[in-house]
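Every read-out reported here was derived from the displayed coordinates using simple, explicitly stated rules and does not represent laboratory data. Worth saying up front: this structure is predicted, and the values here are computed from it rather than measured. Here the Cβ positions follow ideal geometry from the backbone for every residue, glycine too, while neighbour counts run over all protein chains shown.
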Amino acid sequence: MDSSDALIARFLALHPKTIDLSLGRIQRLLGQLGHPERRLPPVIHVAGTNGKGSTIAFMRAILEAAGLAVHVYTSPHLVRFHERIRLGRFGGGHYVEEDRLVEAFRRCEAVNAGLPITVFEITTAAAILLFSEEPADVLLLEVGLGGRFDATNVIDRPAAAVVTSIGHDHAEYLGTTLEGIAGEKAGIFKRGCPAVIAAQDYLAADQTLRQEAERIGASPIIVGMQDFSVHEESGRLVYQDEKGLLDLPRPRLIGRHQYINAGTAIAALRAAGFEQFETAAFEAGLANAEWPGRLQRLSRGRLPGLAPDGSELWLDGGHNADGGRVLAAAMADQSERKDAPLVLIVGMLGTKDSDAFFRNFIGLAREVIAVPISGQIAARPAAEVAAIAAEVGLTTSVQASVESALASLHDYVWDRPPRILICGSLYLAGEVLAANGTLPH
């Protein structure tokens, strides 16, 4: 029997491009499958450049704390494809089992009958098929890339459509202007359906999202006192909208940006009709949310033991300019709590703006150690990553692996144990979690 990996490899031959944004092929396949997208539980659809996964993690944790069964679709995965499809059950969901995934893949392959379709499209169809066949109270559906022509954009009437923070990324597909990128993300808004717009870092993106929501006839719900607000107060999260005020604990996910993501998650749930929860569900959700590979502290496993004694080891998949800005701010916050020299261990893809990423760490990082990303054709050579970091004024070196980078830190004389951040790519984050023996669960 074919494995899921073997089937995905076979799917690669069905289309000459890995990414070809279009809805026609997946709409055809879903029609041939009997339109499973019409038999889903209420869908909360989430797009954005940064913060999609964290916002979904908060929503899932809150919904499950309230006793609901929650389907979740996210991408990319860190270690195994199965992470993309979480099937909801009462008491907590689980990643799809191999046999069920293989069965769904084979059904989609048979119906598709060799016609052109991308891997993301056929695997998204398989996920929708699985979600349609197992009861749940809600489906949290993350856009893969963009929004308007993303394969997930086959939901006619989402319970809510959410756009998180927008920045520059995937210029080859979405363009180079913030207005254009925001317009593509706003493509998930639907007439008469709530459109939740998170706090934006760029005025052009914010204005475009609002204009598109109004043009489409969606029902915009915008951060700010006119609809909802969220802020930190005495180490707690204070959320307020027309339904009232919630005084909640600090989000478990690290970084000041997570207050915004948590607030967006609450607004989305309330917009989607899940406003009846007790405060305890929101409290438990913020306290228990997990999102591997995003400012994750690695305190157990194989890798922490390779670093100098007393070191902190952190992992994050952030890879674009705004992701770097958020990461740098989070590391600066950590330094205020406990001062420690910051070392970056970085691997990056050639498609990312490495220069803009590194500029966020000027004056903050003691050194950048560049490493390769194994098995990724698009990865920048480590020497090239180091050269880019050096050009912006950072001290750099090159190592053959994350393990050797950690070992090299024993050669330094530290006045305080270092704070080590492994970052630059979700592919690298997945590689690190696998090497550490702490797989997402």
Exercise for review: Please list the non-local residues whose amide H lies under 5 Å from the amide H of THR152, H modeled 1.01 Å from N, same-chain partners needing a gap of 5 or more.
Suggested key: GLY144
Check your understanding: Residue by residue through region 271-279, which ³J(HN,Hα) values in whole Hz follow from phi under the Karplus form 6.51 cos²θ - 1.76 cosθ + 1.60 (θ = phi - 60°), with glycine and proline marked x?
Key -> 5, 7, x, 9, 8, 8, 5, 5, 4
Exercise for review: Add +1 for every Lys or Arg and -1 for every Asp or Glu among the other residues with Cβ under 11 Å from the Cβ of THR124, and state the total.
Suggested key: -2
Review point. Quick one: if you stick a label point 7 Å off each Cα along the C-beta vector at GLU290 and LYS338, how many nm between them?
Key: 2.2 nm
Exercise for review: Just grab the label-to-label distance for ARG10 and ARG191, each label 7 Å out from Cα along the Cβ direction, in nm (one decimal).
Suggested key: 4.2 nm
Check your understanding: By the scheme Lys and Arg +1, Asp and Glu -1, what is the net charge of all other residues having a beta-carbon under 11 Å from that of ILE388?
Key -> -1
Point to revise | FRET efficiency, 1/(1 + (r/R0)^6) with R0 22 Å, evaluated for LEU439 and ARG256 via beta carbons | key: 0.20
Check your understanding: What is the dipole size for the chain, taken about its Cα centre, with +1 at each Lys and Arg Cβ and -1 at each Asp and Glu Cβ, in debye to the nearest 20?
Key -> 500 debye
**Study point:** Dipole in debye (nearest 20) - region 206-348, about Cα centre, beta carbon charges: Lys, Arg +1; Asp, Glu -1
**Key:** 460 debye
Exercise for review: At 0.36 nm per residue, minus the direct Cα-Cα distance, what do ALA383 and ALA280 gain on full extension? Give it in nm, one decimal, please.
Suggested key: 32.1 nm
Review point. Hey, what does the equivalent ellipsoid look like for the chain, semi-axes from the Cα gyration tensor as sqrt of 5 times each eigenvalue, largest first, whole Å?
Key: 34, 27, 21
Point to revise | Bridge type composition, the chain - antiparallel percent by DSSP, nearest 5 | key: 35 percent
Check your understanding: For ARG366 and HIS77 in one chain, what is 0.36 nm times their gap in residues minus the Cα-Cα distance, to one decimal in nm?
Key -> 101.0 nm
Review point. Near the amide H of PHE228, under 5 Å away, which other amide H atoms are found, from residues 5 or more places off or on another chain, if H is placed in the peptide plane?
Key: ILE222
Check your understanding: With no solvent and one point per C-alpha, what does the Debye sum give as log10 I(q)/I(0) for region 296-436 at q = 0.14, 0.16 Å⁻¹?
Key -> -0.56, -0.74
Check your understanding: Where Lys and Arg each count +1 and Asp and Glu each count -1, what net charge lies around LEU145 among other residues with Cβ under 13 Å from its Cβ?
Key -> -3
Study note, to complete from the structure: In Å³ per residue, the alpha-carbon convex hull of region 1-142 encloses 109 Å³
Revision key, fill the gap. Residues of region 312-327 with backbone N under 14 Å of the label point set 7 Å from the Cα of ASP415 along Cα→Cβ are none
Revision key, fill the gap. In this structure, the FRET efficiency calculated for GLU391 and GLN226 from their beta-carbon separation, with R0 = 41 Å, to the nearest 0.05, is 0.40
Check your understanding: If we sort 229-238, 26-35 on the protection proxy, mean other Cβ atoms within 10 Å, highest first, what's the order?
Key -> 26-35, 229-238
Study note, to complete from the structure: Number of Lys pairs in the chain closer than 27 Å at Cα, excluding neighbours under 8 places apart unless interchain, is 9
**Study point:** Karplus-derived HN-Hα couplings along region 151-163 (A = 6.51, B = -1.76, C = 1.60, θ = phi - 60°), whole Hz, x at Gly and Pro
**Key:** 4, 6, 7, 10, 9, 6, 9, x, 4, 6, 10, 10, 10
Review point. Taking the Cα atoms of region 198-317 alone, what are Rg (to one decimal) and Dmax (as a whole number) in Å?
Key: 17.6, 58
